[in-house]
Structure formats: C-alpha cells, structure tokens
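These notes are about the structure you will find just below.
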Amino acid sequence: MQIFLNNRKSNVDNNLNFGGEIDPTQRAWIEVSGKAIESNVRKLRAKLKKNCEFMAVVKADGYGHDAKVVSENAIKGGASQLGVATLKEGIKLRSYGINVPILILSNLYEKKDLLICLRNDLMPTVSTIRECLICNNIGKSNNLKFSLHLKVDTGMSRLGFDCNQFVQQFNNIKSLENIAVKGIYSHLACADEKNAMVPNSSTQLQKERFQELLKLINIDNTKNIKTHLSNSAGMILGKDFHFDMVRVGLSMYGYCPLGMINEKLSLKPALFLKAKVTFIRTIEKGIGVSYGNKFVSERKTKLAVLSIGYADGIIRNLSGKIDLIHNKKLYPQVGSITMDQMMVDITGSDDIKVGSTMLLLGSDGEQSITPIDWADKCNSITWEILCSFKNRLPRVQVG
Ligand SMILES: *Cc1c(COP(=O)(O)O)cnc(C)c1O
C-alpha cells in the first residue's frame, strides 16, 4: 500500500509534531487502484480508430483520484497526452517529472499566464486571434514556436472560435511564425444523451460541422495537427467521432457516461471510499437519530457511527438514501449526514465492531455501489460526485 499524502499536507500540517505517525486509514480515506486506471485505458484504446491517440483527462486532481497516480498509470496504459483544467494542475504534473504533452482545457487570456504556460512546456487552448497574437509575441521574444491548440465552437457555446469565422481566421493564424498549432479541437455538448446516434441530433450536427471545417481548412495538408472532438461519451459513439485523438475522463476512471455500455467494455472503477466504525450503540424503538431527529427507530436498533461526513465531500442530500457495504452485506445509512460523522443501521450484524471498515463506494463480492448510484439519488452527475471529495480524505494507492 503506497500513500500519497505529501502534496495534500498543508503548511500547517508540515509544522506540527504529531507525536506519532497518523495512519491514513485511521478514519476515512479513498483507495485508488492504479492498475484499474491502466487497464481501463488499455480497454478503451483497443476500441479506437487506428493511430488515434488517447489523451487522459486528469483535471480536478484526476477527478478526485489523485492526478499523479492517475497520470502515471494512464501513461502506462498507453495514454500519450494529458488534459488539465488549470495552469497550476499542469505545473504540478511537470513537477512529478511527467513529460508527455499537456493541454490546458480552460482559457488563459493574460500574457503573464501564457508565459508561465510556455515556460512549463504546457499547451494552452486558444479561442481568439488576440490570444494567438500574444502567444506569437511571446514565441518571438523567446526565439521559439509557442505550441498550442485552437478550439472551435460547434455547438457547446463555451470556448472556441466562432464556427463561421474560423476558416478565415485560421488563414491569418497560419501566417504567424512563432506559434505551432499542435491541435484543432471542439467539444460535444450532448454526447451522453439518448438521441446522440440519431441522424440530425445536435451531436451528429456538431461532428458534421467539425468535419466540414477541417475540410475547408485543408487539414490533411497540414501535418502534425491533431484534430479531436470527443470526451468519453463521444468516444463511445463510434470511430467517426475519434479523429486523431480522444480526450477521455470519466470512462478511464471506470464509469460509462451511458449506463448501457459498460458491460461490453468491462471497465473497472478505480476508486474505493472507505470509513472506520468509531462507535457502536443500541437504541430502543421510537428514538430519534442525528440532527433534526429525521430518522426515528421502528425497532430496537444497533447503530454504527462512522467517521466521515459532508466535510469530507459526502453530499448531505444523500442522508438516508445510501447503503454501505460490510463483508458483502448492505447496511442503510440513517439520519442526517453530519459534518464529520454519519450513522448506519447495523441491526442483526455480529461481525461489525469498533475499528471495522465499511465501504461507501466500490465493490465487495456481488455488492457494488458506484458514484453513478449516488448521482441518481441526489440529482447530481457522476462527475460532480467524484470531484466533491475533499483533501481531508487521504488518497492511498492500492494494487
Ligand atoms: C473534462 C473534459 C473532457 C473529459 O470529459 P469526460 O466526459 O469526463 O470524458 C474532455 N474534453 C474537455 C474539453 C473537457 O473539459
């Protein structure tokens, strides 16, 4: 078991004398399987069009898994590029000695930030002529070509050049001598919706618009420019969505954006969320539990108190809606989830003791609970559940 605590310790923690090493599994923690990430990347790559590259999207600390563990294992599985959201996320990856191309997916609009981007060998996403000119000037002052990706808006209305103006603007950009366009990309807005495969759906139209643009700028004649359109959902739609590269987040972590497909891909969730039982009590029938006493026992009830709560990122709206696993059996969480603790009804169990570990997310034998299940219960999405886990939960690499 390898522990990744270093980059999570605040300065305050570093200066404290703990009077002993605190076990990262002392109360609540996340286990991350590097092997699962690696094997998911391999399985997904096997579905790609020939010569299509795999960009592993590791923004938001690798969707809460630990960006270092995810990046290193994704590269082992064959990812050739990484995608992050922020300058800082990119710089952190470089500090770990990771040297594959890294694309920043959000927008950098200030000269000083674009300069930092270049100095750390990171590629920005550029959506305006103004930013192209800044990059070109930076390149000129440093006597080199500034590598970047251009983004075109085909229907997301977030970043990107206006689709209708891109052809003309690309011709201007081509004449800038101190930038190297390494990629041209767009982003799908509705690829995980049921109609994505239907002709004339907005997803199909986005793909057609992108293809049309690439034809108009004669992309085939422009070597070394990677074209890319698809996230996880887009990738699953088929090879005509693959272009030269796919940008995959969610499915690399083991979750399919379209519920139906995972059986075929047999992706493995890489994240296990666990917490220790710190206290056990038995209450009589008719007794209220937790803030607001929203749960009232209907019988004599044995309760386990777990040391994990919404300050760890467990969404409070899940109160009373989730189960936990112990020894391949399910136990219902009861009462309001509190900041640091929650209660679980363990009536009838005789193997759960103070110090036992319960599983909140992950699988044990036939039982399995995923962030997809949680998202359904609290009107959220799988991505948001994964990103909500706080740094108070140590990440521990297993396997
Ligand atoms: C986050 C992101 C992705 C990855 O999306 P998934 O649905 O997690 O695969 C791809 N491209 C861009 C631009 C993104 O911001």
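Values in this text are rule-based calculations from the coordinates and carry no lab data. From a predicted model like this one, the values you see are computed outputs, not experimental measurements. When we count neighbours, we look across all protein chains shown, and the Cβ atoms used for this are built from the backbone with ideal geometry, even at glycine.
Just want to confirm a number: the relative contact order over the stretch 179-307, from Cα pairs under 8 angstrom separated by 6+ residues, in percent.
Value for the stretch 179-307: 17 percent.
What does the charge count near LYS294 come to, summing +1 for each Lys or Arg and -1 for each Asp or Glu among other residues with Cβ under 13 Å from its Cβ?
Neighbourhood net charge equals +2.
Using the alpha-carbon atoms, what tilt in degrees (0 to 90, nearest 10) does helix 34-45 show relative to the longest principal axis of the chain?
40 degrees
Taking Cα centroids, how far is the stretch 123-195 from the stretch 37-73 in Å?
Using only Cα atoms to place each centre, the spacing works out to 24 Å.
On average, how much area does the Cα convex hull of the chain cover when viewed from any direction, in nm²?
22.3 nm²
Counting GluC sites (Glu not before Pro) as exposed when in a DSSP loop with at most 11 other beta carbons within 10 Å, what is the longest stretch of the chain free of them?
No qualifying site falls inside 178-283, the longest such stretch.
Can you give me the P(r) profile for the stretch 34-260? Cα pairs, bins 5 angstrom wide beginning at 0, each as a whole percent.
1, 7, 15, 18, 20, 17, 12, 7, 2, 0, 0
Please report, in debye to the nearest 20, how large the charge dipole of the stretch 271-398 is about its Cα centre when each Lys and Arg carries +1 at its beta carbon and each Asp and Glu carries -1 there.
So the dipole magnitude of the stretch 271-398 works out to roughly 320 debye.
Counting other Cβ atoms within 10 Å, which trypsin sites (Lys or Arg not before Pro) in the stretch 312-370 have at most 16 and lie in a DSSP loop?
LYS321, LYS328, LYS353
Charges on Cβ only, +1 for Lys and Arg, -1 for Asp and Glu, centred on the Cα centroid of the chain; of ASN317, CYS52, SER232, which one is farthest towards the dipole's positive end?
The residue sitting most towards the positive pole is CYS52.
Under a Cβ-Cβ cut-off of 13 Å, what is the net charge of the residues other than ARG119 that fall near it, where Lys and Arg count +1 and Asp and Glu count -1?
Counting the neighbours of ARG119, the net charge comes to +1.
Using θ = phi - 60° and the Karplus form 6.51 cos²θ - 1.76 cosθ + 1.60, what ³J(HN,Hα) does each residue of the stretch 333-338 get, whole Hz, x for Gly and Pro?
Taking θ as phi minus 60°, the curve returns 6, 10, x, 5, 5, 9 Hz for the stretch 333-338.
In whole Å, what are the extents of the stretch 271-398 along the principal axes defined by its C-alpha atoms, from largest to smallest?
39, 29, 26
In the stretch 34-260, if the dipole is taken from +1 on Lys/Arg beta carbons and -1 on Asp/Glu beta carbons about the Cα centre, which of MET197, GLY139, ILE75 is farthest to the positive end?
ILE75
Beyond a 21 Å Cα-Cα separation, which of these cross-linked pairs lie in this structure: LYS43/LYS264; LYS328/LYS390; LYS35/LYS268; LYS328/LYS353?
LYS328/LYS390
Dipole of the chain, Cα-centred, from +1 at each Lys and Arg C-beta and -1 at each Asp and Glu C-beta, to the nearest 20 debye?
460 debye
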